[in-house]
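Below is one structure, written out as structure tokens, with a few remarks after it.
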Amino acid sequence: MQERYNPTEVEAAAQAKWQQQDAYRVTEHAKNKNGKPKPKFYACSMLPYPSGKLHMGHVRNYTINDMMARQLRMRGYNVLMPMGWDAFGMPAENAAMKSGVPPAKWTYDNIAYMKKQMQAMGLAIDWSREMCACDPSYYKWNQWLFLKMLEKGIAYRKTQVVNWDPVDQTVLANEQVIDGRGWRSGAPVEKREIPGYYLRITDYADELLDQVKNGLPGWPERVRLMQENWIGKSEGVRFAFTHDIRNANNELIQDGRMYVFTTRADTIMGVTFCAVAPEHPLAEHAAATNPKLAAFIESCQQGGTTEAEIATREKEGMPTGLTVKHPLTGEPVDVWVGNYVLMSYGDGAVMGVPAHDERDFAFAKKYNLPIKPVIEVEGKAYSTDNWQEWYGDKQLGITVNSAPYNGLGHAQAVDAIAKDLSAKGLGEKQTTWRLRDWGISRQRYWGTPIPIIHCDTCGPVPVPEQDLPVVLPDDLIPDGTGNPLAKNEAFLSCSCPKCGAPARRETDTMDTFVDSSWYFMRYTSPGNDQAMVDERNDYWMPMDQYIGGIEHAVLHLLYARFWTRVMRDLGLVKFSEPFTRLLCQGMVLNHIYSRKNAQGGIEYFWPDEVENQYDEKGAITGARLKTDNSAIEYGGIGTMSKSKNNGVDPQSLIDTMGADTARLFVMFASPPEQTLEWSDSGVDGAHRFLRRLWLFAHAQHNSVKAGLQAGQPNWSNADETSQTLRREIHGLLKQADYDYQRIQYNTVVSACMKMLNTLESAKLPDTPAAQQALAETLGILLRVLYPVVPHITWQLWQELGYSANFGDLLDAPWPEVDEQALIADEIELMVQINGKLRGSLKVANGAPKAEIEQLASQHDAVSRFLEGRPVKRIIVVPGKLVNIVG
């Protein structure tokens, strides 16, 4: 055994052996040595986008998964840990435009490099199950299931107002619009009305909501709440304001009814205005003869439509000059266009009750609109000067100024008003949802082709199942002038499957969330080109543990839950929920340094390019460039990002200190679910620990081998030092066992560090029993530490001879806590005199109270601190302390 720890050699040797053994290939229905079926465990990390290089967030995510997989394998589980690539999407197109290389080549080159990095990390991945979203053998099944959903009416085509990025020339989801601009291009987003394909996720809204509220105990509460809020079930009343507004053909617009939905029907008598979306038919009608209003509506077309943006956006409006009739009083109500009203939510119109809605209150104050209080709370005076929280609380107060509903509470008023609206044929109680059907059409090239053919005679026609997959040409290069598929005749030209006439293929491709909605099931059924999933999926699914970032807590998880239910209803799977347990790992953070350049843009600098400046308390206040000593701004701690030059290249760390150092640091620095702040000194400390472990093992090499060869130990005859060592190590093992179960891997590492400290400080005699104790306890440390740093522990396991006794470390049995070892012959009790700590006392473990009292009364602290006063009483707290009162 060499004296010095060389991570490059150690890791290369271990990985070569694992590859030679095909150590991580997993089969279904595996059995243990006794012929009994192993319990299965499916642990999966969210698949990465092949952007080019792994980042430290990847390292952290996959190491969490790897620790879990390795430890459970040692516990006797049949563990699956697969990996794949979320390979479609805009980044590849943007890279292609910059480099002139087709997205396919860019993507596959990146996959090759990132896969090599993953292998260098020593991850226990079953690569025989690798999938890639841009492989036709995978996306064929996206297309196949889409056609099945089309047959069932779950998929459909419609025209709708969408967010349009004029630079990327594609539709953006609300979440991809940030401050009114495209999340990738930065261009001001426009509203456009275009046809596209949608999936009826709303048909599953009740079931998705019920399960997230009343099930999923293995999910973080905050994620379940985020899903619940996104689905957004609301109980209220939908009713109409009537009108006589007619279009150019003298036809009533929307049959003379402007519908709204409200959860506060009890405030209907407080309506002082109505607001409609810029795209609402009444708004468009008014704008036709009002240039100022038309210009305002055009300005509203710019900007995002996320609720977060709506909440923070300056509320702006303009009167249309139109009025509608209040459904109960018949009084005229002015109609405004509001930039905060969305056509895609409800009916694109809202009733304005400024007295009891904070947004309406701000709008009314801005435009001097009437504010009419219709809810009264005893002991509280309403004022229109400033908004107060109780104004909008539906559980407080009773209706006033609302005859004939005065004196009613919220629920009673809603019932009475809904009944009267129903009697007039103008409204009824209704449940609405924030959730909208999933629009999957994207006007871009690098995605799953939607399997539709457009015929001038037959209209949109599904591609016949036997003609799947519709293969995406992989040699096109986007040039920024729209979807290259629309200009590629080889792809476009085809025959109509119905009538045989010349036709053209759909050029829209599918949202990449489609790719990630079921990939985890394809891992279970690799190589099957005849079915989307097979009986192997029944063995592995539902997934036992899913690991990924909190940024995917809503859409990805929601779409995956919906997709699974569709597969269930089509008879493909036998379960409804895909993920039993969910862990959202925290982000990896690092310092951010920047300054504005001459063009007004922001230039970022790497942390190793700067020298920090500190205040008297040691806090960073600024920094200077090392090259020219010029001042730059310190932006605090933020998520690692290539765009901000504050990432750390895992490959560089692996090359210099080894993968085990990287793994040890990211697991020790923070609990898995919390953010991790990067620390170069912390990385150095992790590397020092591994060197200490190697040096200790080298120094004890002969003693350990002798202890392993000494036969069955008789611990009852072992010396006190050996028994103390065993007691401390088994105590730490018990804690580590608990921490593994609750996925607190930072404290697992802490326990291992304490084990090494204990081993290093133990003054063992040169006896067979001591050698046996050393071999046992170091073997425990190696096995507990192995899932964290598999390379060095595997090598030491081999070098020290453990494999001859226990087999290869990959499948060595997990160490069991020896409860007898935890029982000490003597225990130490703290001695207090009148409640103050004055010393300690060793007594036999299990000594009776009377004996403890006798020994305590003879303690020298009694005479020193009681100064001759008699002992009044002695209080014994078993196993902890003795308090002598005098």
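The values are calculated or read from the model by the stated rules, or taken from the named source; none is laboratory data. Keep in mind it's a predicted model, so treat the numbers as computed, not measured. Glycine also receives a Cβ, built like all others from the backbone with ideal geometry; neighbour counts cover every protein chain displayed.
Residues Tyr523, Tyr604, Tyr546: which one is in contact with a strand residue (DSSP E or B) (Cβ under 7 Å, 6 or more places away or on another chain), surrounded by 21 or more Cβ atoms within 10 Å (Cβ to Cβ), closer than 30 Å to Glu677 by Cβ and aromatic (Phe, Trp, Tyr)?
Working: Tyr523 fails: closer than 30 Å to Glu677 by Cβ; Tyr604 fails: surrounded by 21 or more Cβ atoms within 10 Å (Cβ to Cβ).
It is Tyr546.
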**OP:** Kindly establish whether Glu389 is free of Cβ contacts under 8 Å to residues at least 12 places away in the same chain and within 41 Å of the chain's Cα centre (by Cα).
**Re:** yes
**OP:** Collect the residues in segment 218-236 that are buried (at least 16 other Cβ atoms within 10 Å of the Cβ), closer than 18 Å to Ala560 by Cβ and not basic (Lys, Arg), keeping them in residue-number order.
**Re:** Trp219, Pro220, Val223, Met226, Gln227, Trp230, Ile231
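Could you list all residues from segment 86-131 that are among the basic types (Lys, Arg), surrounded by fewer than 18 Cβ atoms within 10 Å (Cβ to Cβ) and at pLDDT 95 or above? It would help to see each step written out before you state the result.
Filtering segment 86-131 for residues among the basic types (Lys, Arg) gives 98, 105, 115-116, 129.
Of the ones still in play, those that are also surrounded by fewer than 18 Cβ atoms within 10 Å (Cβ to Cβ) are 98, 105, 115-116.
Residues satisfying the conditions are Lys105, Lys115, Lys116.
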Original post:
Can you spot a residue in segment 400-407 that is assigned to a loop (DSSP other than H, G, I, E, B), of a type outside the set (Asp, Glu), under 37 Å from the mean Cα position of the chain (by Cα) and crowded, with 19+ Cβ neighbours inside 10 Å?
Top reply: no
Original post:
Within segment 702-721, is there a residue that is of a type in the set (Ser, Thr, Tyr), surrounded by fewer than 15 Cβ atoms within 10 Å (Cβ to Cβ), within 30 Å of Leu589 (Cα to Cα) and in the same structural domain as Ile792 (by TED's automatic domain parsing)?
Top reply: no
Subject >> Number of positions in segment 656-686 that are of a type outside the set (Phe, Trp, Tyr), assigned to a helix (DSSP H, G or I) and without any contact (Cβ under 8 Å) to a residue 60 or more places away in the chain >> reply: 8
Subject >> helices (runs of 4 or more DSSP H) enclosed by segment 791-886 - at least 1 residues per element that are surrounded by 14 or more Cβ atoms within 10 Å (Cβ to Cβ) and not assigned by TED's automatic domain parsing to the domain that holds His687 >> reply: 849-857, 860-866
Original post:
In segment 338-379, what count of residues is obtained for those that are under 16 Å from Thr399 (Cβ atoms), charged (D, E, K, R) and surrounded by fewer than 20 Cβ atoms within 10 Å (Cβ to Cβ)?
Top reply: 3
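Residue-by-condition table, conditions (1) touching a residue at least 12 places away in the same chain (Cβ under 8 Å); (2) among the polar types (S, T, N, Q); (3) within 20 Å of Phe88 (Cα to Cα):
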| site | (1), (2), (3) |
| --- | --- |
| Asp508 | yes, no, yes |
| Asp511 | yes, no, yes |
| Val514 | yes, no, yes |
| Arg522 | yes, no, yes |
| Asp529 | yes, no, no |
| Glu551 | no, no, yes |
| Arg561 | yes, no, no |
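Go through the residues of segment 654-664 one by one and say whether even a single one is surrounded by fewer than 16 Cβ atoms within 10 Å (Cβ to Cβ) and farther than 18 Å from Ile64 by Cα.
Yes, some residue in segment 654-664 is surrounded by fewer than 16 Cβ atoms within 10 Å (Cβ to Cβ) and farther than 18 Å from Ile64 by Cα.
Please work out which residue is farthest from Gly731 (Cα to Cα), limiting yourself to segment 820-870 and to residues that are basic (Lys, Arg) and more than 57 Å from the chain's Cα centre (by Cα).
Start the filter on segment 820-870 by keeping residues that are basic (Lys, Arg), which leaves 836, 838, 842, 849, 864, 869.
Now narrow it down to the ones that are more than 57 Å from the chain's Cα centre (by Cα): 864, 869.
Numbers: Arg864: 36, Arg869: 41 Å.
My answer is Arg869.
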Original post:
Just wondering, is there one or more residues in segment 111-122 that are within 21 Å of Asp511 (Cα to Cα), touching a residue at least 60 places away in the same chain (Cβ under 8 Å) and over 21 Å from the mean Cα position of the chain (by Cα)?
Top reply: yes
Original post:
Within segment 294-315, is even one residue more than 16 Å from Ala265 (Cα to Cα), of a type in the set (S, T, N, Q), surrounded by 20 or more Cβ atoms within 10 Å (Cβ to Cβ) and modelled with pLDDT of 90 or more?
Top reply: no
**OP:** Please name all residue pairs, on different chains or six or more residues apart, with Cβ atoms under 9 Å, provided the first residue is in segment 6-23 and is on the phi < 0 side of the Ramachandran plot and among the aliphatic types (A, V, I, L, M) and the second residue is surrounded by 19 or more Cβ atoms within 10 Å (Cβ to Cβ) and not in a helix (DSSP H, G or I).
**Re:** Val10/Gly658; Ala14/Gly122; Ala23/Ala124
Original post:
Out of Glu616, Glu611, which single residue is loosely packed, with under 14 Cβ neighbours inside 10 Å, touching a Leu at 6+ places or on another chain (Cβ under 9 Å) and not hydrophobic (A, V, I, L, M, F, W, C)?
Top reply: Glu611
Subject >> segment 559-590, residues that are aliphatic (A, V, I, L, M) and either farther than 20 Å from Ile201 by Cβ or in a helix (DSSP H, G or I) (or both) >> reply: Ala560, Val566, Met567, Leu583, Met587, Val588, Leu589
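Rundown of residues vs (1) under 30 Å from Leu342 (Cβ atoms); (2) without any contact (Cβ under 8 Å) to a residue 60 or more places away in the chain, yes/no style:
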position: Gly439; (1), (2): yes, no
position: Leu472; (1), (2): no, no
position: Asp475; (1), (2): no, no
position: Glu489; (1), (2): no, yes
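Before we move on, is Ala381 in the same structural domain as Asp266 (by TED's automatic domain parsing), small (Gly, Ala, Ser), closer than 22 Å to Asp334 by Cα and out of contact with any helix residue (DSSP H, G or I) (no Cβ under 8 Å at 6 or more places or on another chain)? Let's see the steps before the verdict.
Working: in the same structural domain as Asp266 (by TED's automatic domain parsing): yes; small (Gly, Ala, Ser): yes; closer than 22 Å to Asp334 by Cα: no; out of contact with any helix residue (DSSP H, G or I) (no Cβ under 8 Å at 6 or more places or on another chain): yes.
When the stated conditions are applied, Ala381 does not pass them.
Could you grab me the full set of residues in segment 24-55 that are among the small types (Gly, Ala, Ser) and either buried (at least 19 other Cβ atoms within 10 Å of the Cβ) or touching a residue at least 12 places away in the same chain (Cβ under 8 Å) (or both)?
Restricting attention to segment 24-55, the residues satisfying the condition of being among the small types (Gly, Ala, Ser) are 30, 35, 43, 45, 51-52.
If the condition is that a residue be among the small types (Gly, Ala, Ser) and either buried (at least 19 other Cβ atoms within 10 Å of the Cβ) or touching a residue at least 12 places away in the same chain (Cβ under 8 Å) (or both), then Ala30, Ala43, Ser45, Ser51, Gly52 are the ones that fit.
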**OP:** Please state which of the following conditions Glu9 fails to meet, knowing it meets all the rest: (1) within 22 Å of Gly658 (Cβ to Cβ); (2) in contact with a helix residue (DSSP H, G or I) (Cβ under 8 Å, 6 or more places away or on another chain); (3) modelled with pLDDT of 95 or more.
**Re:** (2)
